[in-house]
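Worksheet: one structure, shown below.
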């Protein structure tokens with residue numbers, strides 16, 4: 001059987017073109033994924049997360065935490081993501097009905113069995129007092145109130161160095177018992193909390209003895225009155 005060199009050459013060129021096109025498409029898809037970030041929730045399971053199975057589940061396509069009236073939790077507990085975070089941007093949607101919750105980051109696990117976590121927290125509060133603030137769970141307490149930009153020096157002294165706006169005006173941006181969007185940006189010692197694209201608080205933490213540059217990511221279920229909190233569309237982009 002005769003096969004012309006011309007046909008072989010054309011076939012080779014076609015194969016190269018297909019390879020280049022496929023590679024270009026793959027690179028474009030990877031670049032798009034890098035821009036969007038990594039999805040931390042598949043919408044149907046708690047794969048990659050660990051917590052008390054009696055309190056955490058997936059309902060209506062959202063991670064759901066419940067403190068139930070007939071079986072209240074004795075202390076704050078958390079759903080912990082499997083990998084630590086350093087410098088990052090985290091975005092997610094949340095809805096809370098009753099009680100208090102939050103998003104822990106650069107945090108530490110204090111009790112692996114009861115999923116007790118401490119560290120920086122982007123606060124979520126149905127009672128409207130703490131929404132958007134920076135609170136250090138099991139640590140220094142309130143780092144910045146809503147509307148504050150706070151610098152913490154090497155000795156732990158806090159100074160207000162700017163404003164993110166009026167606290168009540170910022171609170172008016174929240175859709176209560178409905179879905180809202182949280183964004184946390186942590187770069188170096190600068191920690192920013194946004195809700196519905198509004199900067200709620202910022203901390204510039206230079207207290208090296210107590211600040212954290214790396215740690216776990218976790219979702220809080222707060223002890224106290226019955227409550228329900230949900231999270232979805234959780235995206236993490238590392239810097």
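If R0 is taken as 35 Å, the Cβ-Cβ distance between residue 153 and residue 237 corresponds to a FRET efficiency of 0.75. Relative contact order of the range 51-146, taken over Cα pairs closer than 8 Å and 6 or more residues apart, is 19 percent. In this label model, residue 54 and residue 83 are separated by 3.2 nm, measuring between points 7 Å along each Cα→Cβ vector.
Axis angle, to the nearest 10 degrees, between helix 5-36 and the longest C-alpha principal axis of the chain: 10 degrees.
Which one is right for this structure if semi-axes √(5λ) of the Cα gyration tensor in Å is calculated from it: [x] 42, 23, 17; [y] 26, 22, 18; [z] 34, 24, 14? Computed from the coordinates, semi-axes √(5λ) of the Cα gyration tensor in Å corresponds to [x]. Between the beta carbons of residue 196 and residue 161, assuming R0 = 30 Å, the FRET efficiency works out to 0.80 to the nearest 0.05. How high is the relative contact order of the chain? Use alpha-carbon pairs under 8 Å, at least six apart in sequence, and give a whole percent. For the chain, the relative contact order is 30 percent.
Each of residue 75 and residue 46 was given a label point 7 Å from its Cα along the Cα-to-Cβ line. The distance between the two points is 1.9 nm. Under the shape rule built on the C-alpha gyration tensor, where the axes satisfy a ≥ b ≥ c, the range 63-178 is oblate, since a/c reaches at least 1.5 while a/b does not exceed b/c.
For residue 38 and residue 97, FRET efficiency with R0 = 35 Å and r from the beta-carbon atoms, rounded to 0.05? Using R0 = 35 Å, I get an efficiency of 0.80. Among 140, 160, the order by Cβ neighbours within 10 angstrom, fewest to most, reads 160, 140.
Distance between the pseudo-spin-label points of residue 207 and residue 128 (7 Å out from Cα toward the beta carbon): 3.0 nm. Peptides 128-139, 37-48 ranked from most to least packed, by the mean per-residue count of other Cβ atoms within 10 Å: 128-139, 37-48.
Highest GNM mean-square fluctuation among 168, 125, 113, for the chain modelled with Cα contacts below 10 Å: 113.
Readers should treat all values here as calculations from the given coordinates under stated rules, not as data from a laboratory. As the structure is a prediction and not an experimental result, all values here were calculated from the model. Cβ atoms come from the backbone with ideal geometry, glycine included; neighbour counts cover every protein chain shown.
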